[in-house]
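Here the structure is laid out as structure tokens; the discussion comes afterwards.
Just so it is clear, none of the values below were taken in a lab; they were calculated from the coordinates. From a predicted model like this one, the values you see are computed outputs, not experimental measurements. A quick note on method: Cβ atoms are made from the backbone with ideal geometry, for glycine too, and the neighbour counts reach across all protein chains shown.
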Amino acid sequence: MTSNVFETDTPDPIAYLDRLAATDLGRSYKKRMLDELDVRPGHTVVDLGCGPGTDLGTLAEAVGPTGTVIGVDHDRAAVDAATGRTGGLAVDVRLGDLHDLPMADRTADRARTDRVLQHVDDPARALGEIRRVLRPGGRLVMGEPDWGTLTVDHPDSRLTDAYTRFVTDRAVANARIGSQLPRLAAGAGFTVPAVLPITPVFRDVRAADTILGLERTTRRAVTAGYLTEDAAQEWLAHLANGPFLASVTFYLVVAEA
């Protein structure tokens, strides 16, 4: 099944996050998130699921010397990396769970989550916690994909359907979270003034693979019984050698406390 077109080894999680942030797509949507967050000097901003601190420096610049940025992540290696990267900035990185945030009530003016809620155990509970820590009038900006919108062009559409079913059924815990966020945010007591869809289109298979992990995911789909070995070979051969197109819709959702 292996082809030199595809990345076969699972990347280090921190390296993967850094690599995505450095792409044109990553820079573009992160800037859009920052614009919608509307951070002001003096604000307290919390980055929930901050990872290795990819966005903490930008947030610290936005709040200025009178503001505070708090990063929260459940992974110790990510927290250590973020702490090391933000030394000397007005940034406080904390080990914590989005379901039980290590913050007092009504202490943040702004909050953001970036591709985090698709992985948590209980998105509704996490949103309730975010609502708790935001001050009245505070703003939350979330960015999440809806993996049900994933399409990868192939002459046999049944193979694309099987691949996408595996992604939504098994590969991602909350695969449809992008389009569910407005409803879940309203249920947590937020108002939702804006929902902004972003649909990147990938024409280069290597660029798509750095984000989607096409062969690694296909291997898992075979193991789970969504594709046969022969079907997987047919699927990947066309992706590697034929004209390539893939897309998935990513939602930016603005919520206000």
Could you work out the Rg to Rh ratio of region 81-170, with Rh taken as the Kirkwood radius (inverse of the mean 1/r over all Cα pairs)? 1.13
Taking H as built 1.01 Å from N, whose amide H comes closer than 5 Å to the amide H of Val93, not counting residues under 5 places away? Gly71
I'd like to know which of Val167, Leu48, Ala82 lies farthest towards the positive end of the charge dipole of the chain, counting +1 on Cβ of Lys and Arg and -1 on Cβ of Asp and Glu. Leu48
In whole Å, how far is the Cα centre of region 1-77 from that of region 138-152? 15 Å
To the nearest whole percent, what portion of all C-alpha pairs in the chain is separated by more than 30 angstrom? 30 percent
Working note, region 145-204: Cα radius of gyration (Å, one decimal) and Dmax (Å, whole number) are 14.3, 45
Cα-based helix-to-principal-axis angle, 229-241 vs the chain, degrees rounded to 10: 70 degrees
Assigning unit charges at the beta carbon (Lys, Arg +1; Asp, Glu -1) and nothing else, what dipole magnitude in debye, to the nearest 20, does region 4-108 show about its Cα centre? 320 debye
Using modelled amide H (1.01 Å from N, peptide plane; none on Pro or chain starts), what sits under 5 Å from the amide H of Val46, excluding residues fewer than 5 places away? Ile70, Arg110, Ala111, Arg112
Calculate one ³J(HN,Hα) per residue across region 216-228 by plugging θ = phi - 60° into the Karplus curve 6.51 cos²θ - 1.76 cosθ + 1.60, and present them in order as whole Hz with x for glycine and proline. 4, 5, 4, 4, 5, 5, 5, 4, 7, x, 7, 9, 7
Per residue of region 35-47, what does 6.51 cos²θ - 1.76 cosθ + 1.60 with θ = phi - 60° give for ³J(HN,Hα)? Whole Hz please, x for Gly and Pro, Karplus curve as stated. 4, 5, 5, 6, 6, 10, x, x, 5, 9, 10, 10, 9
Cβ-placed point charges (K, R +1; D, E -1), dipole of the chain about Cα centre in debye, nearest 20: 620 debye
